[in-house]
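In what follows, a single structure is set out as structure tokens and then discussed.
Read-outs: derived from the displayed coordinates by stated rules, not from any lab. None of these values were measured; they are calculated from a predicted model. Virtual Cβ from ideal backbone geometry, glycine too; neighbours counted across all protein chains shown.
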Amino acid sequence: AIKEFRPTYIAACFDFPGLTFRHKKFKEYKAKRPPTPKELYQQIPKVKEILKGFNVPIFEKEGFEADDIIGTIARSSQEKPISSKTETVIVSGDLDTLQLIGSSTRVYALKRGVKDIFLYDEKEVQKKYGLSPQQILDFKALKGDPSDNIPGVLGVGEKTATELIKKFGSLENLYKKIQIPNPRIQIPNKLKEKLLRGREQAFLSKELARIEKGLSLDFGLENCRWKDYNKEKATAILKSLEFFSLIEKLPSMDKEKENLKLW
């Protein structure tokens, strides 16, 4: 991603160990996920060490997930851009971040496998789901998300959830309309019963799926400029991890632009 997009600014976001505010709302959040392999946890400090060697700022916050940090940074970059041309590219393996896409924010994510990576914008989200990025939340509120153990509405699947959000625009409007008798709103009685019975779960699911965008962070875009780094330190880190092939590809410094040339 770095090689492809040649960013002027860069930041890395991590989950903070332990429970999050979502667990307080719903104690079964992510409860069905298998335990993360110990070997993977052991790699995280090494990843952070590499990032620090390249002067890449690291962000994490107790009680929140990396997606919430990403959402906050993306929003801040949109509201306080360095220039009108400032664009945010979120690099993630998690399609939950699609809800953050906007006119100047895109998501670079895995599509299938580890080599099939795709750049999503508003048009591509519409093409894939038939919904806008903002409606992904409403879709998940109805369908749920088994990977995070977000319940959704029992008996409402992907197709029905998509059709309902397309028709009503949002979860809030859907429930507003079906609670008032109206012969023009043609929803099968069984589906209407499921929706009314699952109302509380639907709105809880939307809260759980929503990425926070207003966290208090010590973030400033200019502080994330990808600039000079300690090449000796970076080389030593790569040697210790036996990433010898990367050492000769270490980026050089563009003195005029104060930005790293990417390998």
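Quick one: 3J(HN,Hα) in Hz for region 221-233, Karplus 6.51/-1.76/1.60 with θ = phi - 60°, rounded, Gly and Pro as x.
4, 5, 6, 9, 4, 7, 10, 3, 9, 8, 5, 5, 5
Give me the distance in nm between label points sitting 7 Å out from Cα along the Cα-to-Cβ direction at LEU40 and SER83, one decimal.
Rounded to a tenth, the inter-label distance reads 4.0 nm.
Sum -39500 (n - 2.57) across every DSSP H segment of at least 4 residues in the chain, then divide by the residue count to get the 222 nm mean residue ellipticity, nearest 500. Can you show the working numbers first?
On the way: 12 runs with 108 residues, N = 263.
Rounded to the nearest 500, the figure is -11500 deg cm²/dmol.
Can you give the alpha-carbon Rg of region 13-162 over 2.2 N^0.38 Å, where N counts its residues?
Working: Rg = 16.7 Å, N = 150, 2.2 N^0.38 = 14.8 Å.
Ratio of Rg to 2.2 N^0.38 Å for region 13-162: 1.13.
Rounded, prolate or oblate: which fits region 86-151, taking a ≥ b ≥ c as square roots of the Cα gyration tensor eigenvalues, rounded meaning a/c under 1.5, else prolate when a/b beats b/c?
oblate
For the pairs LYS46/LYS249; LYS127/LYS194; LYS32/LYS128; LYS159/LYS190, flag any whose C-alpha to C-alpha distance is greater than 23 Å.
On the way: LYS46/LYS249 19 Å; LYS127/LYS194 28 Å; LYS32/LYS128 27 Å; LYS159/LYS190 16 Å.
Pairs exceeding 23 Å: LYS127/LYS194; LYS32/LYS128.
Which semi-axis lengths, in whole Å and largest first, follow from the square roots of five times the eigenvalues of the Cα gyration tensor of region 136-209?
20, 11, 11
In percent, how large is the relative contact order of region 136-209, given Cα pairs closer than 8 Å and 6 or more residues apart?
The normalised contact order for region 136-209 reaches 46 percent.
Determine the relative contact order of the chain: mean sequence separation of Cα pairs under 8 Å and six or more apart, normalised by residue count, in whole percent.
23
Quote to one decimal, in nm, the extra length available between ILE247 and ASP121 on full extension: 0.36 nm per residue of separation minus the C-alpha distance between them.
Numbers: separation 126, 0.36 × 126 = 45.36 nm, distance 3.38 nm.
Gain on extension, ILE247 to ASP121, equals 42.0 nm.
How high is the FRET efficiency from VAL56 to GLU158, r the C-beta distance, R0 51 Å, rounded to 0.05?
E(calc), rounded to 0.05, equals 0.85.
I need to check one value: relative contact order of region 140-182, counting alpha carbon pairs closer than 8 Å and at least 6 residues apart, in percent.
Over region 140-182, the number comes to 28 percent.
Taking the chain as the reference, fit the longest principal axis to its C-alpha atoms, fit the long axis of helix 38-53 to the helix C-alpha atoms, and give the angle between the two in degrees, 0 to 90, nearest 10.
That helix lies at roughly 50 degrees to the long axis.
Sorting check: for 93-106, 206-219, 61-74, 17-30, which peptide has the highest mean count of neighbouring beta carbons within 10 Å, and how do the rest follow?
Those peptides, ordered most packed to least, come out 61-74, 93-106, 206-219, 17-30.
Read phi for every residue in region 131-142 and hand back ³J(HN,Hα) as whole Hz from Karplus 6.51 cos²θ - 1.76 cosθ + 1.60, θ = phi - 60°, with x for Gly and Pro.
9, 7, x, 5, 7, 4, 4, 5, 4, 5, 4, 8
For the chain, take the convex hull of the Cα atoms, compute a quarter of its surface area, and give me that in nm², please.
Seen from a random direction, the Cα hull of the chain projects 16.4 nm² on average.
Mind giving me the FRET efficiency for ASN230 and LYS111? R0 is 41 Å, r the Cβ-Cβ distance, nearest 0.05 is fine.
Computed FRET efficiency for ASN230 and LYS111: 0.70.
Output the antiparallel fraction of DSSP beta bridges having both residues in the chain, as a percent to the nearest 5. Can you show the working numbers first?
On the way: 10 of 17 bridges.
Once the DSSP bridges in the chain are tallied, antiparallel ones form about 60 percent.
Going from the alpha-carbon gyration tensor of region 50-108, what semi-axes, largest first and in whole Å, does one get by taking the root of 5 times each eigenvalue?
Ellipsoid semi-axes (Å, largest first): 19, 16, 12.
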